[in-house]
Amino acid sequence: MVARHAAVSRQTVSNAFNAPDRLRPETLQRVRAAIDELGYRPNQAARSLRSHSTRVIGCRLLPSNSGGVLDRLLHALCDAARASGYDVLTFSARDDDEEIEVYTDLLRRGAVDGFVLTNTHHLDTRPGWLLEHAARFVAFGRAWGVRRTAHSWVDVDGAKGTSEAVEHLARLGHNRIAFLGVPAGSGVGDDRYRGWERAAEQLSLPVKGLAQRAEDGIESGRTLTRRLLESARPPTGIICVSDSMAIGALRAIEDGGLSAGRDVSVVGFDDSPIAAVLRPGLSSVRQPIESVAHELIDVLLAELSERGRAPARQLLAPRLVVRESSGPAPGASRPPKARRPLPSHTLETKERKQ
């Protein structure tokens, strides 16, 4: 029907759906116009039988203790996959070993075409297992601790985010800016710590004694902030590895009879939904989750269509959202003079190495 309407062959119509790069732009446009005009939708079951493809992507259900970021990612992944004619199959697993068991079952049954891997970490065994079993996948997160990456990934430049937070507070006159982080060894946590440390040193700001670490959480943030505020030289600005830590910092500031944004400024990370409704509103570094989801799907589909393709690596830039919790340093009567911009990072903010 579409072929006759567009005056092309059936193979050309098939290519319009499955391999549009094979068609000349004017031919592809003519076929798509016919598809739209006729309201045609391909029979998915028949397509799957012919192509041996399920058009389904597997993804482990994500933990709910991540400030809403991973929940946003799952929704955005579903939207991005659907726009490309794929569905997302979610599954639960208690740990990485159980996740690999699910991979084994899904691949044995031919239930998915590939996977989106999340929560990458040091000594992560999942990428190696997937590569060994020739499974197609892309990771949200770098291969932490691995010098040469053998698989594709998409990630957010956490170091750039905390560096921008330091610059933001420095422009407001803060010269003692602390960092609340998680214990060393966390890829994401260490990345965000490095951004704080590098920016502080490049702006000639002190770092000694200003980094505090504990397991992520509101109470940890509260305890660490109380310790900083009771020190001989307390900071006037605090940058946190997460919004949970930042909420704890806000509570500790209030406990001490101080005002966030006036006496002590606070910046979180992830821009979780609660950040905008807190009083004062929490300044936070926002991850471009919707863009991440689209890149993950694009990279995975390229992996599925091109055997032997070199791994793609994409690092996306976050954005600082400024609210009332970050204000001028105490005693700063006017905005400080502009400081020289920081040098660019070793990794560009959106790179693709193929």
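So here's what we get for this one:
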{"read-out": "Positions within segment 124-145 being acidic (Asp, Glu) and either surrounded by fewer than 13 Cβ atoms within 10 Å (Cβ to Cβ) or more than 18 Å from the chain's Cα centre (by Cα) (or both), in sequence order", "value": "Glu132"}
{"read-out": "Counted residues, segment 296-320 - those being under 22 Å from Ala76 (Cα atoms) and either in contact with a Lys or Arg (Cβ under 9 Å, 6 or more places away or on another chain) or among the aliphatic types (A, V, I, L, M) (or both)", "value": "17"}
{"read-out": "Test: residue in segment 163-178 that is within 26 Å of Thr118 (Cα to Cα), part of a loop (DSSP other than H, G, I, E, B) and either in contact (Cβ under 8 Å) with a residue 40 or more places away in the chain or among the polar types (S, T, N, Q) (or both)", "value": "no"}
{"read-out": "Counted residues, segment 79-96 - those being part of a helix (DSSP H, G or I), in contact (Cβ under 8 Å) with a residue 12 or more places away in the chain and not hydrophobic (A, V, I, L, M, F, W, C)", "value": "2"}
{"read-out": "Selection count where residues are surrounded by fewer than 23 Cβ atoms within 10 Å (Cβ to Cβ) and in a loop (DSSP other than H, G, I, E, B), scope segment 236-271", "value": "8"}
{"read-out": "Residue in segment 272-292 that is aliphatic (A, V, I, L, M), buried (at least 16 other Cβ atoms within 10 Å of the Cβ) and more than 26 Å from Pro235 (Cβ to Cβ) present", "value": "yes"}
{"read-out": "Selection status of Gly128, out of contact with any helix residue (DSSP H, G or I) (no Cβ under 7 Å at 6 or more places or on another chain), at positive phi and of a type outside the set (Phe, Trp, Tyr)", "value": "no"}
{"read-out": "Matching residues, segment 77-116, being among the aliphatic types (A, V, I, L, M) and out of contact with any helix residue (DSSP H, G or I) (no Cβ under 6 Å at 6 or more places or on another chain)", "value": "Ala83, Leu89, Val102, Leu106, Leu107, Ala111"}
{"read-out": "Residue match in segment 83-98 (condition: under 22 Å from Val182 (Cβ atoms) and under 21 Å from the mean Cα position of the chain (by Cα))", "value": "yes"}
{"read-out": "Residue list for segment 252-264, restricted to those being out of contact with any helix residue (DSSP H, G or I) (no Cβ under 6 Å at 6 or more places or on another chain) and either within 21 Å of Gly161 (Cα to Cα) or of a type in the set (Gly, Ala, Ser) (or both)", "value": "Gly257, Ser259, Gly261"}
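Each reported figure results from applying straightforward, stated rules to the coordinates on display, with no laboratory input. Just so it is clear, the model here is predicted, and its values are computed rather than measured. Glycine also receives a Cβ, built like all others from the backbone with ideal geometry; neighbour counts cover every protein chain displayed.
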